[in-house]
Amino acid sequence: MHLKNFIRPVVVSSLFALVLAAVSAVWGATAVPPSPPAAALESKFSEPQREYVHSYIRQCLPDFPREFAEPAVEQFLGELQRKAPGEPERILSPDFSFQKYDTTLFRVLGAQLAGAGQATLREEVARRRVQAMLEQQAGGKLVGAMEARIAITKIKTMAAFYPRRLFEGRMDEDELALLLKKTRESDTPAAAPAKPRELSASDIVSEYGRRNQEGAAWQKLRALVIESQLKTTNGEDLKIFLFRLRPDRFRMVIQAEGATRFVTIFDGTKYWQQVRGRPWQEIPARSVGASRYLGEFVDPLVAEAGVTYTRLPDGAEGANKIYRIAVRRPDGSGYTAWIDQATFRQVGRETDDKQTARYSDFRSVAGIMMAFREESTDASGKKTVLTLTRATPDPGLIQSLFEPTESGALGFFELERMLSPAPVATTK
């Protein structure tokens, strides 16, 4: 059997589509994240605590510069420690709720944006803060961005120092709560904008990240095992196992007719492959192709350093309107994501060579919304269907799973049978 005959390589962000591309590519490195600032701030908080807050900032405000976020993170954690002792130590726990402290976070972020060139971003931070405060006052009920903008429009009609204090992060939570109450009690109707504000690519990406995970579930997930079934264009059924471990380790196992055909791994430095009856062989990085994107543990649409977004003309998928977002990685590769305008789920994607994928059967796994079915169509109209059958979050994987087996060690056929994951409860 020649696996590379059943589908052409595709470079996309979807986990399923990457598997399809990788299966093709291996038969023929994740982009290096930017270096940390040279003079890092001294901190009494741990790096995982600080990075967790940075990840949440990127989720909410993808365009917020990291150089302004660094001091804000330190200030936020310090205020959190003073207001709620012990909370910084809980910040990585599954039951930690970041939304309780959104207004504090956005206040300290706004205080960092003092330059004239930051006016637009400063107002967006204030808008997010007002929206968070309105949601708190509504008992956790979701409040739309438009309602927050109307509140800010009312605040701008009041004394000049109110919007200035709000935008500069000098207005504390109690003052903001009273001010919002005052806007609701005002007899003067807010001047509604003549036309609803057009959402930017960053707005759409931010909302996508918020709607498709509980809190910051992606950042908390350390490992994931996925089992799926692939129906190829020639009618063949393949079983695919994918083991992923932060920051960028992966192991992909392809089985056909009950037997393992090959295993591909990334150990953090090199790519390796083993085929039945042959020893492990290193795969040159230049020939890996789309396989390297299996090391992207975090969905680039949620939070991935160096990824850029551009809004394209909207489209439609059946009767549903969709946003089209061009996603570009630091290495120049990318794809176009289709985001449903009503649900903000990624219902499909397209590539430059006219290949498309449609996602359905969405379920929650460890607080993350995942599509359990993907139907891919290439430029010639040939289709493949990939169905996710099991997903096991945080299964306790170890580094040795992503390294070539030493001579005399357990054979990979037996190893893969032992690693077959147990089913995980999922909800639609």
Quiz item: Can you name the residue in segment 85-119 that is among the hydroxyl-bearing types (Ser, Thr, Tyr) and outside any helix (DSSP H, G or I) and, of all such residues, is nearest to Asp63 (Cα to Cα)?
Solution: Ser97
Quiz item: Of the residues Leu105, Leu109, which single one is aliphatic (A, V, I, L, M), in the same structural domain as Arg164 (by TED's automatic domain parsing), within 19 Å of Phe167 (Cβ to Cβ) and out of contact with any Phe, Trp or Tyr (no Cβ under 6 Å at 6 or more places or on another chain)?
Solution: Leu109
Exercise. Report yes if Phe64 is within 23 Å of Gln213 (Cα to Cα) and not in a helix (DSSP H, G or I), otherwise no.
Key: yes
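This table checks each residue for (1) closer than 26 Å to Val307 by Cα; (2) of a type in the set (Gly, Ala, Ser); (3) surrounded by 17 or more Cβ atoms within 10 Å (Cβ to Cβ).
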{"site": "Arg82", "(1), (2), (3)": "no, no, no"}
{"site": "Pro88", "(1), (2), (3)": "no, no, yes"}
{"site": "Pro94", "(1), (2), (3)": "no, no, no"}
{"site": "Phe106", "(1), (2), (3)": "yes, no, yes"}
{"site": "Ala126", "(1), (2), (3)": "yes, yes, yes"}
{"site": "Arg129", "(1), (2), (3)": "yes, no, yes"}
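The values are calculated or read from the model by the stated rules, or taken from the named source; none is laboratory data. Please read these numbers as outputs of a predicted model, since none were measured by experiment. Note: ideal-geometry Cβ built from the backbone for every residue, glycine included; neighbour counts use all protein chains shown.
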